[in-house]
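A short worksheet on the structure shown next.
The values are calculated or read from the model by the stated rules, or taken from the named source; none is laboratory data. Just so we're clear, the structure is a prediction, and the values are computed from it rather than from any experiment. Cβ atoms come from the backbone with ideal geometry, glycine included; neighbour counts cover every protein chain shown. The area values use the complete protein model at the heavy-atom level, side chains included, leaving out ligands, DNA and RNA. Shrake-Rupley method; radii C 1.70, N 1.55, O 1.52, S 1.80 Å.
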Amino acid sequence: MSILAKKIPLFNSPAKSSKPHPKKKKPAYVEVNSDDNLNGRKKRPLTGNTNATNYTKQPQAQSTPPRKKQRLANALDVLQEQRRQLPIAKGKEALVREIREHDVTVLLGETGSGKTTQIPQYLLEAGLADSGMIGITQPRKVAAISLAQRVSSEQGTPLGGLVGYAVRFDDVCGPDTRIRYMTDGMLTQELLGDPLLSRYKVIIVDEAHERTLRTDLLLANLKRILKARNGGTDGKGKRKEGNPLKVVIMSATLDAEKFSDFFYNAKIIYVKGRQHPVKIHHCVQGQTDYVDAAMRTFFQIHVDQPPGDVLIFLPGQEDIESLQKSIERLANQLPPNHSTVLVVPIYAALQTNATKAISIPAPRGVRKCILATNIAETSITIPGVRYVIDTGKSKENRFLTGSAGGGFETLLTRDITKSSAMQRAGRAGREGPGYCYRLYTEEAFTAMAPTAEPEILRCNLTQSILQLLCLGQDIQELDLMDAPDVDTVSSALRTLFILGALDSHRELTPIGRKMAAFPLNPVHARALIASKEHACTAEVLDIISVLEASSTLFVDVADKRTAIADARRKFIHPAGDHLTVLNASRAYQAVGGSDEDEKVDKISRSARKEWALAHFVNERTLREAASIRKQLQQRCDREGIDWRVSCGEREEPVLLSLAYGLSQNTALITPDGSYKQTIGQAVVKIHPSSSMADVKVPAIMYDELVYTNQIYARGVSSINKSFFATIGALNRREA
DNA sequence: TGGGGATTT
């Protein structure tokens, strides 16, 4: 105990006697965000059809043996009983009535209400889908897939039958599909082929409070579609004959009125959830060193409190690594009468599949301590958590335009929002009563912003603006809940002009239209198109597939940096990061034979896994890149680009093609050895993770600028001064 | 010398 005695506890006697709030006393906060406990692991999938790895695109006509049939029937009974027990079931008739009577309904549903799984089924049963479809959008792929699995098993039909899903790379819907779960990006894409989304009778936008860019663009388009298909928007306007649409917006409580206002005072309906009480402790004093405070609080819980896993929210990988080390070190010094501690880190860049380690329950007498970024706020459900420690911090990404070429991102640690804090606390009450220890004062909580700023105000809009232009829409004329900054829009338009996607009248050029045909960042789309003429599409495709994947290729763990540098040396190309990525990606693809025919067998798969681990590259990134590359190859076929064309060992064509896309992201060396942008005035430093960090070359191009404590260029390659200076003009001339 | 989290016919 000596290690703890020296430190003053942060929380006054968290009380062995202090029980969570009794039932009659409502907890101060309940989680109101997602309802993914409905597809949690307590309720096992009941038929083979619900297994994610086991579906077929066409629903199978299975001949089921009688005994199994009986078992399935019983399982279905159990599911139907569970459905009836859901809080939302009591309000079924009223809900259907309200939705039937109004064109737009805003639904506030707490966690565990069952709204996302039940409402589509209620509406289908009530005939609101008529002969059309009910579409339900989600911001994340995993949610769309698991919800569809759950609902299809509740219906007793195979996935892809009555109930299906559509996400990138995966459309599991058939001719009979009436309930379609999908990502909001998929539905936005559908607009291109069908601007009125006429095959949907009902569209449900779930998790709307997250205000992702795609959700916002979808909401604007739904408002337009309502006018076109319904005449009125609130059910009172002049009705049009034909094909009216119903829209249901599902959100957390904090900003429901904003959605209602946007849709002409749409009716708001509140649905109660089912969540266990969480007792919240605030710090008496603000903490400056939140990592140390988290460590002390953890041991206070570990020593004083009954068993139960602890989840600690931290801003980033660096803090997670350092806290893991100090907790493990101190846990070893505890007297043997204390249970052992198992620390599990989780953040997106982790190369191993973190969800696996988390879902394995800790053995008896072991307390699991999960150190997570806000990946655990929405994307990953962690079972068994009884205690949450919330540092109140997260990293926030913001796009700044300024004069810095294509602009740059900032990535700074900031205070979270109230909505985030409630979400984090709610993670302690999923399976039973829980506790949340906030490493900030109650006053600090009160002072937090209620919700995060919508993404449309924070991110680079180049790709979305290009997409909208293909729909014939001008982002500045679109009726959005929040209009983007003028500077962000003009910066995006300038980038599109420099890339040759727009002419001087803001009209889409043939190159622009071609760029939009690829699901890519316009900068990468431009490089891909340029690769055709420079006969190096195979190489460029390999590179941009990796750059477009959601995690970085190269793994970095602070205390393994020497081993990592040794393993990486063989990939490093003197021209820089882009060709280094190409080397690593090709080395991976060569392990266990080529995967051109998709016939990577089990042995090759494990060989690749081993290879990736040994070389400190993130295999998840490479597998994702392979899917992206395959999709891009198909698109290339349609657009008349031969993706097999390779330039062999020559590096010049590859760098030149990339430079077409990155012409705005270039810098020249100055006499003092720093790099200064060619467009814009900023001095940029090469990010330490780059293979170019210690090399001086006359000119560089880079994938992006990130401001943390300096402006860093990431994804850097050396570039020939002679061609890059004119390339911006080249783009425009060809357009 | 150091990157939170999503997503695309």
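Summary table below
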{"item": "Unmet requirement for A:TYR387, which otherwise passes all of (1) hydroxyl-bearing (Ser, Thr, Tyr); (2) more than 21 Å from A:ALA143 (Cα to Cα); (3) at pLDDT 90 or above; (4) within 13 Å of DNA strand B (Cβ to nearest atom)", "result": "(4)"}
{"item": "Sole residue being touching a helix residue (DSSP H, G or I) at 6+ places or on another chain (Cβ under 6 Å) and surrounded by fewer than 23 Cβ atoms within 10 Å (Cβ to Cβ), chosen from A:VAL645, A:VAL654, A:VAL617", "result": "A:VAL645"}
{"item": "Top-ranked residue of the range A:293-335 - restricted to ones that are among the polar types (S, T, N, Q) and within 16 Å of DNA strand B (Cβ to nearest atom), ranked as surrounded by the most Cβ atoms within 10 Å (Cβ to Cβ)", "result": "A:GLN317"}
{"item": "Filter result for the condition that a residue is assigned by TED's automatic domain parsing to the domain that holds A:GLY661, under 30 Å from A:ARG140 (Cα atoms) and in contact with a helix residue (DSSP H, G or I) (Cβ under 9 Å, 6 or more places away or on another chain), over A:SER585, A:SER606", "result": "A:SER585"}
{"item": "Any hit, the range A:534-541, residues being more than 24 Å from A:SER604 (Cα to Cα) and part of a helix (DSSP H, G or I)", "result": "yes"}
{"item": "Flag if A:LEU579 is more than 11 Å from DNA strand B (Cβ to nearest atom), under 26 Å from A:GLY316 (Cβ atoms) and open to solvent by less than 20 Å² (accessible area, probe 1.4 Å)", "result": "no"}
{"item": "Residue check, A:ASP637 within 27 Å of A:PRO519 (Cα to Cα), open to solvent by 10 Å² or more (accessible area, probe 1.4 Å), in the same structural domain as A:GLY715 (by TED's automatic domain parsing) and assigned to a helix (DSSP H, G or I)", "result": "yes"}
{"item": "Selection count, the range A:355-371, where residues are touching a Pro at 6+ places or on another chain (Cβ under 8 Å) and either farther than 17 Å from A:GLU431 by Cβ or open to solvent by 20 Å² or more (accessible area, probe 1.4 Å) (or both)", "result": "3"}
{"item": "Residue within the range A:378-395 that is surrounded by fewer than 24 Cβ atoms within 10 Å (Cβ to Cβ) and among the acidic types (Asp, Glu) present", "result": "no"}
{"item": "Unique match (being under 30 Å from A:GLU377 (Cα atoms) and assigned to a loop (DSSP other than H, G, I, E, B)) among A:ARG506, A:ARG430", "result": "A:ARG430"}
{"item": "Complete set of residues in the range A:534-575 that are away from DNA strand B (no atom under 15 Å from the Cβ) and of a type in the set (Gly, Ala, Ser)", "result": "A:ALA535, A:ALA538, A:ALA575"}
{"item": "Yes/no for A:LYS393 being over 24 Å from the mean Cα position of the chain (by Cα) and of a type in the set (Lys, Arg)", "result": "no"}
{"item": "Qualifying position, being modelled with pLDDT of 90 or more and under 30 Å from A:SER663 (Cα atoms), among A:LYS418, A:LYS395", "result": "A:LYS395"}
{"item": "Matching residues, the range A:683-701, being away from DNA strand B (no atom under 16 Å from the Cβ) and of a type in the set (Gly, Ala, Ser)", "result": "A:ALA699"}
{"item": "Test result for A:GLN189, within 16 Å of DNA strand B (Cβ to nearest atom) and polar (S, T, N, Q)", "result": "yes"}
{"item": "Hits in the range A:111-136 (condition: open to solvent by 10 Å² or more (accessible area, probe 1.4 Å), in contact with a strand residue (DSSP E or B) (Cβ under 7 Å, 6 or more places away or on another chain) and either among the aliphatic types (A, V, I, L, M) or more than 27 Å from A:ASP176 (Cβ to Cβ) (or both))", "result": "A:LEU124, A:LEU128, A:MET133"}
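Each row is one residue, and each column tells you yes or no for (1) out of contact with any Pro (no Cβ under 7 Å at 6 or more places or on another chain); (2) of a type in the set (D, E, K, R); (3) part of a loop (DSSP other than H, G, I, E, B).
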{"site": "A:CYS436", "(1), (2), (3)": "yes, no, no"}
{"site": "A:PHE445", "(1), (2), (3)": "yes, no, no"}
{"site": "A:ALA452", "(1), (2), (3)": "yes, no, yes"}
{"site": "A:CYS459", "(1), (2), (3)": "yes, no, yes"}
{"site": "A:SER464", "(1), (2), (3)": "yes, no, no"}
{"site": "A:LEU468", "(1), (2), (3)": "yes, no, no"}
{"site": "A:GLY472", "(1), (2), (3)": "yes, no, yes"}
{"site": "A:GLN476", "(1), (2), (3)": "yes, no, yes"}
{"site": "A:ASP482", "(1), (2), (3)": "no, yes, yes"}
